[in-house]
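What follows is one structure encoded as structure tokens, with my remarks underneath.
The values are calculated or read from the model by the stated rules, or taken from the named source; none is laboratory data. Being a predicted model, the structure only gives us computed values, none of them experimental. Cβ sites come from the backbone with ideal geometry, for glycine too, and all protein chains shown count toward neighbours.
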């Protein structure tokens, strides 16, 4: 070829692809190579070539490592707190095998963020799984995943990370890592009809006086968030005062200035009750409502909680050391208290005795009448006791009652239960019984008999007729006797024949 002229040369080159990368299943990569040409030892040229290749180019054999991921919920409706099922279906829609398929699922819960705007919050973290075997072309795998719900609301479930390995033809590397996105997501709806969980409340001080404020605490939890907690208190269990309780750690729901508990654990709520007059019994209960409107009441199974104000007919025996047959005589300190306790305990204890002015329990047992003796005995600890409780009564309290039936009872929250080993002393006017726990006590008895004494009944006409008949017979006998006597004097015979044998003797012979 002459200098200054050109010539076209066609080359055919084959390039080995060192790597093929798949990014989210939509990107492409390119093939590249270099060709050199030497016409003589003094002239040469070098050029490079490249070609962009779509990953899903159906004209290129083996370049279709396509994997479709579908996430579904067969039962999208469930109850809050239940575990629902999600199915992850992986289908190989390509022409070559896929191996080492793995995924990570996340479910977003509707729980609020206590420190800022409402942001989706992972309810249980991620779930990872791997399938190390081959998924051949045209086949599918189903993975069953349990999603734990915590509260009422919607839970979207999606694949935050899905990957697999694939060996493209002609690659020098046996497996290439590939990441893709799921083609769908599941939505689980959890229905919450459960009210908040409220723990047993407690109060302080144990035996307040009429000048003391009383602090009440409780713990409240609800997976859907607590909207409000209120304490209701009363001195007669008829009229109730409701006051809001505030959370000790003070989180607020979504900027609405509504006190709620921290997610995943219950917050402690408290409130202060103002001073109440001496001798009063203060009943209280806790009502809580969650963010979905479910309301619950903690009222000691309908019995309410109670504390008693010192003063009036009340006395506290503090710091009683362990002992046997210890006498706690409330009358010694407060004349209005008509109750004494004989106590056997093996641990230190404080005991409060209150003589109540009315019955705060139920109606008397059938057939019994109340003496008007109602005593509340409390302790600062819950222990099994061996104690005798004695109740003094006055003659006016047993007026019209049968003293042999006097007996003490305790209130179990639903009915009056008689004490065991009851003894009545009618000379000193007291009744006592054995208890193994303190409670509300009362004394009952049966009414005395009201049957009137027997009276003399008036004679009836039949009775008078009978008496008259007997009298007539007697008169005839007298007249007959007189006539018989006269005949004997005249030598006449008897009216009756003379017996042939002596008359029979009735009864037993008597010795003289």
Hey, could you check the stretch 190-242 for residues that are assigned to a strand (DSSP E or B) and free of Cβ contacts under 8 Å to residues at least 40 places away in the same chain and say which is nearest to residue 82 (Cα to Cα)? 202
Mind listing whichever residues of the stretch 427-438 are in a loop (DSSP other than H, G, I, E, B) and more than 17 Å from residue 370 (Cα to Cα)? 427, 428, 436, 437, 438
State whether one or more residues within the stretch 439-449 are surrounded by 14 or more Cβ atoms within 10 Å (Cβ to Cβ), in contact with a strand residue (DSSP E or B) (Cβ under 7 Å, 6 or more places away or on another chain), part of a strand (DSSP E or B) and at pLDDT below 95. yes
Going residue by residue through the stretch 262-274, is there one that turns out to be assigned to a loop (DSSP other than H, G, I, E, B) and modelled with pLDDT of 95 or more? yes
Over 28 Å from residue 79 (Cα atoms) and either in a loop (DSSP other than H, G, I, E, B) or modelled with pLDDT under 75 (or both): which single residue out of 114, 169 fits that description? 169
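With respect to residue 107, is the statement that it is part of a strand (DSSP E or B), assigned by TED's automatic domain parsing to the domain that holds residue 180, at pLDDT below 80 and over 19 Å from residue 187 (Cα atoms) true?
It is false that residue 107 is part of a strand (DSSP E or B), assigned by TED's automatic domain parsing to the domain that holds residue 180, at pLDDT below 80 and over 19 Å from residue 187 (Cα atoms).
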Out of all the residues in the stretch 68-83, which are over 14 Å from residue 185 (Cβ atoms) and surrounded by 21 or more Cβ atoms within 10 Å (Cβ to Cβ)? 80
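Among 362, 330, 323, which is the only one that is closer than 29 Å to residue 395 by Cβ and loosely packed, with under 15 Cβ neighbours inside 10 Å?
Details: 330 fails: loosely packed, with under 15 Cβ neighbours inside 10 Å; 323 fails: closer than 29 Å to residue 395 by Cβ.
362 is the lone residue from the list that is closer than 29 Å to residue 395 by Cβ and loosely packed, with under 15 Cβ neighbours inside 10 Å.
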Test: residue in the stretch 239-249 that is on the phi > 0 side of the Ramachandran plot, at pLDDT below 80 and under 25 Å from the mean Cα position of the chain (by Cα): no
Condition first: at pLDDT 85 or above, part of a loop (DSSP other than H, G, I, E, B) and more than 20 Å from residue 410 (Cα to Cα). Now tell me which residues in the stretch 300-323 satisfy that. 309, 321, 322
